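As C-alpha cells, the structure follows; a few thoughts come after it.
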Amino acid sequence: SERAPNSRFRGGAWGVISLASSRPSPVVRSDSGMSTRTASCSCGQLRIEVEGEPRGVGVCHCLACQRRTGSVFAALAGFAAPYKVLGTATEYVRTGDQGAKFRFRFCPICGTTVFHTEEGYEGSGVAVAVGAFADPSFPPPQDSVYDCRRHSWVQLPPGTTTYDKDPT
C-alpha cells in the first residue's frame with residue numbers, strides 16, 4: 001500500500017536551483033529562509049521542488065510497490081504543500097488496499113517515478129521517491145509497512161517502526 005502510517009504521507013503527506021541543471025540539488029535555503037529540496041528523474045526532464053523537512057520517511061514492501069519500483073521496496077518521503085512540479089509527467093493511477101486512489105507521476109522519457117499524490121488530498125502534500133533526491137544524507141525511514149512482504153535479507157535501520165500491513 002502506498003499510504004504511510006499515521007497519515008504522515010497522506011496525499012503524499014509529502015531554494016534556489018538552476019533549472020538548466022538535470023541534477024537534483026541537496027537542501028538549499030530559499031529567499032524566505034525555508035529549506036527546499038529538488039527531486040529529479042534520471043534524465044532531468046521531470047523535477048519536483050518541496051519545502052521544509054519531510055513529514056515522514058518510510059519504506060513500503062508491498063508487492064505493488066516492488067513491481068512499481070523494480071526494487072524490493074519503495075522509499076518515500078512525505079512533504080506538505082506547496083510543491084512545484086517542473087517538466088512533463090505521465091500518470092498512472094492505482095487503487096490501494098484500503099480503496100484510496102494514488103496518482104503516480106513518472107517521466108515519459110526515462111520512465112523514473114518521481115512522486116505521487118492521493119486523490120482528494122493533492123492540495124495537502126506529496127510523496128516523493130527518496131532516491132530521486134540523490135542525497136545520501138537524506139533522513140532514514142521511520143516506518144516500514146507491509147513488513148510481511150519484506151525480503152528476508154533487507155535490514156532496516158535501528159528504531160524503524162514496522163507494520164505487518166498498512167496500519168491506516
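The values are calculated or read from the model by the stated rules, or taken from the named source; none is laboratory data. Note that the structure is a prediction, hence the values are computed from the model and not measured. Neighbour counts are summed over all protein chains in view; Cβ atoms, including those assigned to glycine, are modelled from backbone coordinates with ideal geometry. Calculation scope for accessible area: heavy atoms of the full protein, side chains included, ligands and nucleic acids excluded. Shrake-Rupley method; radii C 1.70, N 1.55, O 1.52, S 1.80 Å.
Assuming a ≥ b ≥ c are the square roots of the Cα gyration tensor eigenvalues, decide whether the range 23-146 counts as rounded (a/c under 1.5), prolate (otherwise, with a/b larger than b/c) or oblate. It is rounded, given that a/c, with a ≥ b ≥ c, falls under 1.5.
Could you tell me whether the range 29-78 comes out rounded, prolate or oblate from its Cα gyration tensor? Rule is a ≥ b ≥ c as square roots of the eigenvalues, rounded for a/c under 1.5, then prolate if a/b exceeds b/c, otherwise oblate.
On the way: a/c = 4.90, a/b = 1.75, b/c = 2.81.
It comes out oblate by the Cα gyration axes.
I'd like the distance between the alpha-carbon centres of the range 39-70 and the range 121-150, rounded to an integer number of Å. The distance from the Cα centre of the range 39-70 to that of the range 121-150 comes to 6 Å.
Summed over the residues of the range 107-159 and divided among them, the accessible surface reaches 49 Å² per residue at a probe radius of 1.4 Å.
Using a simple spin-label model with pseudo-atoms 7 Å out from Cα toward Cβ, residue 86 and residue 134 lie 1.3 nm apart.
Cα gyration tensor of the range 74-151, axes a ≥ b ≥ c as square roots of the eigenvalues: rounded (a/c below 1.5), prolate (a/b > b/c) or oblate?
On the way: a/c = 1.38, a/b = 1.11, b/c = 1.24.
Judged from the Cα gyration tensor, the range 74-151 comes out rounded (a/c under 1.5).
For residue 151 and residue 94, what is the calculated FRET efficiency with R₀ set at 22 Å and r taken between the beta-carbons, to the nearest 0.05?
Working: r = 21 Å, r/R0 = 0.97.
About 0.55, to the nearest 0.05.
Other residues whose C-beta falls under 15 angstrom from the C-beta of residue 90 contribute a net charge of +4, scoring Lys and Arg +1 and Asp and Glu -1.
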